[in-house]
Amino acid sequence: MTLGQCVIGRDGKDMNTIIEEVEAAQAKVYSGSYVGTGTYGSGSPNTISVQGTPKMAFIAESGSSSGLMWGGSPTVGNVTFNAVDGNLTWYASSASAQYNTTGTNYYYMILV
């Protein structure tokens, strides 16, 4: 028997179980960048792959003081989002609205 199993914490759970639950519940943040390709629309969505289901995202053009923030709703302005386990995708009716203008550098942070 380990010390963690001997020490009983909240709700009658041993410390090893509590530590495992906390580690499993911690949010993960994915960040990175991509270069716009100029494509847009539902047939050419932007896609970023992560481990888990995306909950929130921020996308910004390099050097810009504004960006696109998504927090779980299916649309933000004229941008449509889809979050499924492992992917965040989004599209709009123009490359600039989709944050995908040809040759432009974009940065993102995704909370899972």
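The values are calculated or read from the model by the stated rules, or taken from the named source; none is laboratory data. Note that this is a predicted model, so its numbers are computed, not measured. Here the Cβ is made from the backbone with ideal geometry for all residues, glycine too, and neighbour counts use every protein chain on show. For accessibility, only protein heavy atoms count, side chains too; no ligands or nucleic acids. Shrake-Rupley method; radii C 1.70, N 1.55, O 1.52, S 1.80 Å.
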>> If R₀ is 22 angstrom, what is the calculated FRET efficiency for the pair residue 28 and residue 66, using the beta carbon separation as r and rounding to 0.05?
In response: 0.30
> Mind listing the phi-derived Karplus ³J(HN,Hα) values for segment 45-51, rounded to whole Hz, using 6.51, -1.76 and 1.60 with θ = phi - 60°, and x for any glycine or proline?
Replying inline: x, 6, 9, 10, 9, 9, 9
> Using a probe of 1.4 angstrom, how much of the accessible area of the chain is carbon and sulfur, in percent?
Replying inline: 54 percent
> In whole angstrom, how long is each semi-axis of the equivalent ellipsoid of the chain, when you take the square root of 5 times every eigenvalue of its Cα gyration tensor and sort them from largest down?
Replying inline: 39, 13, 11
> Where nothing but the Cβ of Lys and Arg (+1) and of Asp and Glu (-1) is charged, how large is the charge dipole of the chain around its Cα centre, in debye to the nearest 20?
Replying inline: 240 debye
> Rounded to the nearest whole Å², what accessible area per residue is found for the chain with the 1.4 Å probe?
Replying inline: 60 Å²
>> Counting only helical runs of four or more DSSP H residues, what would the 222 nm mean residue ellipticity of the chain come to if each run contributes -39,500 (n - 2.57) and the total is spread over all its residues?
In response: -3500 deg cm²/dmol
>> Between helix 15-25 and the chain, what is the angle of the helix's C-alpha long axis to the longest principal axis, kept within 0 to 90° and rounded to the nearest 10?
In response: 10 degrees
> Shape call for segment 31-93 from the C-alpha gyration tensor, a ≥ b ≥ c root eigenvalues: rounded (a/c under 1.5), prolate (a/b greater than b/c) or oblate?
Replying inline: rounded
> How high is the relative contact order of the chain, given as a whole-number percent (alpha carbon pairs under 8 Å, six or more residues apart)?
Replying inline: 36 percent
> Ordered by packing density, taken as the mean number of other Cβ atoms within 10 Å over each peptide's residues, highest first, how do 41-54, 63-76, 80-93 rank?
Replying inline: 80-93, 41-54, 63-76
> In terms of modelled amide H atoms, which long-range or inter-chain residues lie less than 5 Å from the amide H of residue 52?
Replying inline: 86
> What ³J(HN,Hα) values, in whole Hz, does the Karplus curve 6.51 cos²θ - 1.76 cosθ + 1.60 give for segment 101-111 when θ = phi - 60°, with x put for Gly and Pro?
Replying inline: 5, 3, x, 8, 7, 10, 10, 9, 9, 10, 9
